[in-house]
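Notes follow the structure.
The values are calculated or read from the model by the stated rules, or taken from the named source; none is laboratory data. In this text, all values refer to a predicted model and were calculated from it rather than measured experimentally. Here Cβ is always computed from backbone atoms with ideal geometry, including for glycine, and neighbour counts include all displayed protein chains.
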Ligand code: HEM
């Protein structure tokens, strides 16, 4: 159990930390200068660490979740609600990541830069949402 949570938290550090750096430090500069080279550089470097981290989150997260919620999606206890919200955040994150990776990044230009920024900000907010719901599992709900 302690190893599962440790792995889950290492993945969380990488996922949340990386997206906060991207949103708070890199994105504002790129939006101001309209030079998206730093964004492409970050994406290229971060992808190889961020994607395995997300995969670790899903595997360890599901293993942890099964202890509280055998059906995974359920709303009978506060812990189950927090876990269900995490799964919703996961599907929303994957949908945004696929859209950005397959359809926006390959033809990034001045026109769709703002659209990509919305994706990045949403994925970062969802990352913080994962954290809040994770802590809520331990503390007995979001209240
Ligand atoms: C990028 C995605 C994710 C991030 C950043 C994340 C982050 C966190 C954090 C920070 C905690 C708090 C751990 C603690 O209180 O010690 C946590 C706990 C937890 N997470 Fe995640 N998580 C993610 C994905 C998932 C997924 C997909 C699931 C599966 C539904 C999941 C299930 C859980 C569970 C069940 C706990 C409670 C563990 C316990 O205290 O026993 N997580 N998560």
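Here are the numbers for the structure shown:
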{"read-out": "Residue among 136, 65, 92 that alone is within 13 Å of the chain's Cα centre (by Cα), within 13 Å of the ligand (Cβ to nearest atom) and modelled with pLDDT of 95 or more", "value": "92"}
{"read-out": "Pair list, Cβ < 6 Å and 6+ apart or interchain, from region 85-104 residues that are closer than 14 Å to residue 15 by Cβ to residues that are at pLDDT 95 or above and more than 14 Å from the ligand (Cβ to nearest atom)", "value": "96/119"}
{"read-out": "Yes/no for residue 123 being within 15 Å of the chain's Cα centre (by Cα), more than 9 Å from the ligand (Cβ to nearest atom) and assigned to a helix (DSSP H, G or I)", "value": "yes"}
{"read-out": "Residue among 88, 105 that alone is under 22 Å from residue 21 (Cα atoms) and part of a helix (DSSP H, G or I)", "value": "105"}
{"read-out": "Tally, over region 68-89, of residues that are surrounded by 17 or more Cβ atoms within 10 Å (Cβ to Cβ) and within 10 Å of the ligand (Cβ to nearest atom)", "value": "10"}
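Yes/no per residue for (1) within 18 Å of residue 131 (Cβ to Cβ); (2) within 13 Å of the ligand (Cβ to nearest atom):
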{"site": "9", "(1), (2)": "yes, yes"}
{"site": "23", "(1), (2)": "yes, no"}
{"site": "32", "(1), (2)": "no, no"}
{"site": "41", "(1), (2)": "no, no"}
